[in-house]
2 protein chains.
Amino acid sequence: MLAVKISSGAASMIKTSKPRPRAGHALLRLRLAGICNTDIELLRGYYGFSGIPGHEFVADVVDSANPKWIGKRVAGEINLACGKCEYCLQGLGRHCPNRTVLGIVKHPGAFAEYLTLPEENLRVVPKDIPDEHAVFTEPIAAACEILEQVRFAPDTTVAVLGDGKLGLLIAQVLRIKGLAVHLYGRNPGKLSIVEPLGIKTRLLSRHEPKLPKAAYTCVIDATGSAIGFEHALDLVKPRGTIVMKSTVAEPIHIDAARCIVNEISLIGSRCGRFEPSLRLLKSRKLILDPLISGRFPLREATSALEQAQQPGVLKVLLDPSL
Amino acid sequence: MLAVKISSGAASMIKTSKPRPRAGHALLRLRLAGICNTDIELLRGYYGFSGIPGHEFVADVVDSANPKWIGKRVAGEINLACGKCEYCLQGLGRHCPNRTVLGIVKHPGAFAEYLTLPEENLRVVPKDIPDEHAVFTEPIAAACEILEQVRFAPDTTVAVLGDGKLGLLIAQVLRIKGLAVHLYGRNPGKLSIVEPLGIKTRLLSRHEPKLPKAAYTCVIDATGSAIGFEHALDLVKPRGTIVMKSTVAEPIHIDAARCIVNEISLIGSRCGRFEPSLRLLKSRKLILDPLISGRFPLREATSALEQAQQPGVLKVLLDPSL
């Protein structure tokens, strides 16, 4: 089969044998995959990754010991958990210390014609969700995770920092859940995408961002930069919460005295459950089409990865059928 | 009156006029004051402080427009709030942006024969609490604050890092509230003080501290050092909470990716309400006498401040009656 391989900080196309699913795993044929910033970070060598990347996908089940799965169109939870540890027993397989992670940690990813996943990771995609939306299941689940970690008073106004893919999804999820949302970003075109939902947007100047001080009880940092965290600290009120949503490869310097004096809570947030995400997708309330900047044949994945790194580009998709 | 003055990073005794209380403020005569690490930091010039320090005290009300206060023995909340802003209206005057702070920010402190405070800041000390315990009201309130910020499952085991004054109080408060507590520190004598309460203690070697990895759902950092925060990150489980309890003058470098991947919550924690603290003091369950390392006449406060900075020394008291 055709697959993308990252090795020594470079991506290439390879021909490799179709994966053979282990017991309890299903064989999936890719329908569509999405490129995430994490894939770009793997490509840049931040985590010494070598292998097939890709963890945002929609696929058809083509082989499974359990016949009920065969032919189903699925999304898949990306953490492959042991099922036995204290985290797994609490339903927190996403934190299983023995886990592998699809396309990230020791399990070949979705940028390939075929992939495997444990059947318990599969979630059937309702038929009225098109592939182009289903491929967002994983990042929307990551946005929904915030709602499981933070309790919002009903009249809360939340600031979301960052108008990248994740910031645009987070702003939408919080808005659809009834919160007032102010989205801060640097790109007027990206900001305007979500305005029809009633999200207020704030354009920041690149050189002298003017941010209101101590203005929000909750600030979500989805900038993917250390400076974003500093802006979040400026924006948040005493006793407020900053959700750290974007992986930042560089270390962050925290003014601990400021966090302590103002009793700020900093909450790290990563993957979420797929069920709330699929429910949201089924509701068709999210604006997703303008988030798709490109769609490449799988065989042109190296060009797609180039494209995904250009300024102003949002989601780039890989389509094995093209 | 006699008072301590800090100026340009040095403490001296001064003779100054007795303060004249503003409308709504009471005049208090000091019975006993305690030296806090914050006072040492003010002395070291970390915050450019100039004035009379001191915020841990017990005193008698000697003048007030409201006769019900006169003659009362009181402790006093240290934040002088405006009473009108959104924080004050939520009962969070401790975060009032217009506040002054007794002995810390623009309001003369308790290391003096007399001090003033708004009457709404005063709390009557029940008569069965001796002065030597009442003087701990403020730091015990700071320990109790953790219970207002973090929800603990009943069977939680909490790790407290740091066997200084605050760490010893936090460990006791959490233990008395029914939690299992493991206290980590470097001083066997200090650790042993709280063992009668059923607190398990762990002696750390100074050079090669051996800490269990990902062992606690909640870790309280009361070390007052950046390395303490790193130890807390080692100790805390995925999805766990680190309470940042001690002001650290140096900036902390956070491995943000680690906090995000493991979805750690970092919670800054400062002052607390006095009521739960006074209730605890009245219960007589806290072990406080061994925490008192010295008691100096107020006029010898500069020696007391020297003493408070010596290794192994815990609370040093200032007594105007000696």
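The values are calculated or read from the model by the stated rules, or taken from the named source; none is laboratory data. In this text, all values refer to a predicted model and were calculated from it rather than measured experimentally. Ideal geometry is used to build each Cβ from the backbone, glycine not excepted, and the neighbour counts take in all protein chains shown. Only protein heavy atoms, including side chains, enter the accessible area calculation; ligands, DNA and RNA are left aside. Shrake-Rupley method; radii C 1.70, N 1.55, O 1.52, S 1.80 Å.
Assorted remarks:
- Every pair of residues 6+ apart whose Cβ atoms lie under 7 Å, when the first sits in region B:84-97 and is in contact (Cβ under 8 Å) with a residue 24 or more places away in the chain while the second is part of a loop (DSSP other than H, G, I, E, B): B:Arg94/B:Cys271
- Cβ pairs under 6 Å, 6+ apart, first in region A:128-148 and in contact (Cβ under 8 Å) with a residue 40 or more places away in the chain, second open to solvent by less than 10 Å² (accessible area, probe 1.4 Å) and among the hydroxyl-bearing types (Ser, Thr, Tyr): A:Thr137/A:Ser277; A:Ile140/A:Ser277; A:Ala141/A:Ser277; A:Cys144/A:Ser277; A:Glu145/A:Ser269; A:Ile146/A:Ser269
- Taken across region A:172-192, residues that are without any contact (Cβ under 8 Å) to a residue 40 or more places away in the chain, among the hydroxyl-bearing types (Ser, Thr, Tyr) and farther than 14 Å from A:Leu314 by Cα do not occur at all.
- Listed by position, the strands (runs of 3 or more DSSP E) contained in region B:110-193 that have at least 3 residues being closer than 24 Å to B:Asn66 by Cα and of a type outside the set (Asp, Glu) are B:114-118, B:122-124.
- Residue that is farther than 22 Å from B:Arg94 by Cα and touching a residue at least 60 places away in the same chain (Cβ under 8 Å), where the choices are A:Pro196, A:Pro251, A:Pro209: A:Pro196
- Region A:35-58: number of residues that are open to solvent by less than 30 Å² (accessible area, probe 1.4 Å), under 18 Å from A:Cys271 (Cβ atoms) and in contact with a Leu (Cβ under 8 Å, 6 or more places away or on another chain): 9
- Among the numbered conditions (1) part of a strand (DSSP E or B); (2) open to solvent by 20 Å² or more (accessible area, probe 1.4 Å), the only one that B:Val243 does not meet is (2).
- So B:Thr201, is it hydroxyl-bearing (Ser, Thr, Tyr), within 18 Å of B:Ile170 (Cβ to Cβ) and within 14 Å of chain A (Cβ to nearest Cβ): no
- Test: residue in region A:102-121 that is within 14 Å of chain B (Cβ to nearest Cβ) and either closer than 20 Å to A:Glu275 by Cα or aliphatic (A, V, I, L, M) (or both): yes
- Some residue of region B:8-15 being over 19 Å from B:Ala308 (Cβ atoms), part of a loop (DSSP other than H, G, I, E, B) and at pLDDT below 95: yes
- Some residue of region A:197-216 being of a type in the set (Gly, Ala, Ser), under 23 Å from the mean Cα position of the chain (by Cα) and open to solvent by 20 Å² or more (accessible area, probe 1.4 Å): yes
- Residues of region A:89-115 satisfying the condition of being on the phi > 0 side of the Ramachandran plot and surrounded by 23 or more Cβ atoms within 10 Å (Cβ to Cβ): A:Gly103
- Pairs where the first residue, in region A:255-272, is open to solvent by 10 Å² or more (accessible area, probe 1.4 Å) and the second is assigned to a helix (DSSP H, G or I) and of a type in the set (Asp, Glu), C-beta under 9 Å, 6+ apart: A:Asp255/A:Glu230; A:Arg270/A:Glu145; A:Cys271/A:Glu138; A:Cys271/A:Glu145
- Filter result for A:Ser283 (at pLDDT 90 or above and within 12 Å of another protein chain (Cβ to nearest Cβ)): no
- Filtering region B:234-265 to residues that are more than 7 Å from chain A (Cβ to nearest Cβ) and either aromatic (Phe, Trp, Tyr) or within 21 Å of A:Tyr46 (Cα to Cα) (or both) leaves only B:Arg258.
- Among the residues of region B:289-303, those identified as farther than 16 Å from B:Glu113 by Cβ and either aliphatic (A, V, I, L, M) or without any contact (Cβ under 8 Å) to a residue 12 or more places away in the chain (or both) are B:Leu291, B:Ile292, B:Ser303.
- Listed here are the strands (runs of 3 or more DSSP E) enclosed by region A:29-103 that have at least 3 residues being farther than 21 Å from A:Lys245 by Cβ and not polar (S, T, N, Q): A:56-63, A:73-76.
- Residues that are open to solvent by less than 20 Å² (accessible area, probe 1.4 Å), among the β-branched types (Val, Ile, Thr) and in the same structural domain as A:Val158 (by TED's automatic domain parsing) occur at least once in region A:229-236.
- Flag if B:Ala215 is within 14 Å of A:Gly268 (Cβ to Cβ), in contact (Cβ under 8 Å) with a residue 24 or more places away in the chain and away from chain A (no Cβ under 11 Å): no
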